[in-house]
1. Within 14 Å, Cβ to Cβ, of residue 492, how many net charges do the neighbouring residues add up to if Lys/Arg are +1 and Asp/Glu are -1?
2. Taking R0 as 41 Å, what's the FRET efficiency between residue 21 and residue 247 from their Cβ-Cβ distance, rounded to 0.05?
3. Among the GluC sites (Glu not before Pro) in segment 412-467, which ones are in a DSSP loop with at most 14 other Cβ atoms within 10 Å of the Cβ? Mind listing them?
4. Could you check the simple spin-label distance between residue 57 and residue 157, using points 7 Å along Cα→Cβ, in nm with one decimal?
5. Which part of segment 324-338 falls in the paramagnetic zone of residue 312, meaning amide N under 16 Å from the point 7 Å along Cα-to-beta-carbon?
6. Amide H of residue 402 versus every other amide H placed in the peptide plane: which residues, excluding those fewer than 5 positions away on the same chain, fall under 5 Å?
7. Net charge near residue 259, counting Lys/Arg +1 and Asp/Glu -1 over other residues with Cβ under 14 Å of its Cβ?
8. Along segment 401-413, what does the Karplus equation 6.51 cos²θ - 1.76 cosθ + 1.60 (θ = phi - 60°) give for ³J(HN,Hα), rounded to whole Hz, x for Gly and Pro?
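What follows draws every value from the coordinates through simple rules; no lab data is involved. The structure presented is a predicted model; accordingly, all values stated were derived computationally and were not measured. Counting neighbours? That spans all protein chains shown, and the Cβs are built from the backbone with ideal geometry, glycine included.
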Amino acid sequence: MRGWRIRHKLMAGLTLVVSCVGVLLTGTLWGLFSYRATMKSMDSKLAELRTAQEVQESVSALAALAESDHPVSFAELTQRLQQVRSALAAYQCQLEQSLARGRDPDRGQDERDVLEGFATLLQELDRLAQQSEPAIMALASGEVRPLDESTLRVLQRLRQMAPELREVIYTDLSRRIQAARHNYRSSLLAVSLASGLAVLLVLALGLLAYRWIMAPIRELHDKVTQLAQGNFDSHISVQSHDEMRDLAEAFNHMIDRLQEIYRDLARQVNERSRQLVRSERLAGIGFLAAGVAHEINNPLASIAFCSEALERRLADLLRDQQEHPDYPTVLQYLRMIQQEAFRCKKITEKLLEFSRVGDKHREATDLAELIQSVLEMVEHMPHHKGKTIRFDIRQRPRVFVNAHEIKSVVLNLVVNALESMDEGGELVITLEVQQDWAVITFRDTGCGMTPEVLENIFEPFFTRSRTGKGTGLGLSITHHIVAQHGGEIEAHSDGPNRGSTFTVRLPLRATVPIHEARDLAKAA
């Protein structure tokens, strides 16, 4: 039954069961009908036997005349002959009834032969009577005379034949009993074999039903229980080729899909958790920047101003000592103080810019036009030399954003991509619409990123810039701007020297900035 469906197996089992039941029913009915036919046949034969007894008695009474020592009168002879004929006629009628009812499988051939013998002897008596007409006339006149020798011989033969009819009936009854016994044994054998086969068949069907249906259902129940407990690694293995295997394959596919969805949800939860932590950290940095940047700017401005003034004063004082070996070192230190002071000032400016993200006006903006304007500006930068930028516009979505902030996002991602590539590298920017999102993809052929870098790429002050000039705030600010607009930004890389891909998703519908949403929630 390899490759059979369950319905085919059930139909085959049902057919076998019905066949066994049919054999049982046939054997039982055969035995019952045989018993019924035997009983009817015996009933008819018993009736024939009673009539045959009457025939024998009448024949014996007739034959007794031959043994009587007294002379026989015609009236007495005629009476007893009439009794024999009446008894034979009654038996003939009874035999015809049995034959008409089909209760004699031999069609009464033996009985007919005996009746023909009786008829022959009676005809012989009639012939003898005609030949002995004077004697008959004498008997008819009332004269009592003894019977002649021929008549006595015929009567003797009648007497001898009388028991043959009963013997034929007894023989027929014996054959009927033997046939009934044979039918009984055959029926019993058929019923016994069918019963044994039915028992074996029921046991086999029960075993196969357990193997085909119950065992897979139990395993399915166990796997569903494990699945409900959070175990997504279990699969069902069914060796059959029926609906249970289809169900197992569908269940395994469902487990794989649930496992995939579970992993994706876990990844999303992890990503959202990291984004939440990052947002809180960025919010803390923004709060720190708003409170401290102004205080830091004043000392930095004083340091830069004093270092410039000191450089000018020393240049006047040491004009005659420029040949002194420490003169270049002093100037180098002063210039280093100025550079670092201006660098710190630039960092504080970025912090202030970071703290003010999301507070500006938003309007419907054509992203394709915005990105194109950034690319036109980047063409004149030194990082663009020997590198190719290709802009693939698949759709031109208009989104409700702050154009200046989104432009800084695009600029930062483009500059980072150009810095990560050597000459001959290519940056492909794709703009398209996916459901309710405007999607901008930046795919470069640069140095790529390790999993560690991908893990911390949007963290504040984290940088792996090849130039070593980055502050580590560019991508943090970019992430913050995109989040303020209700969007998402993702980074992906197949590994070092295999390029990087940044994907920015912005909602096509207008969203409330995060800080405004928080204010509305507090007001509510």
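1. Working: positive: 267, 443, 498, 505; negative: 271, 444, 455, 488, 490, 494.
Neighbour charge sum, excluding residue 492 itself: -2.
2. 0.85
3. 423
4. 2.7
5. The answer is 335, 338.
6. Result for residue 402 returns 363.
7. Once positives and negatives cancel, what remains is 0.
8. Each residue's phi maps through the Karplus curve to give 9, 8, 4, 5, 5, 5, 5, 5, 4, 4, 4, 4, 5 Hz.
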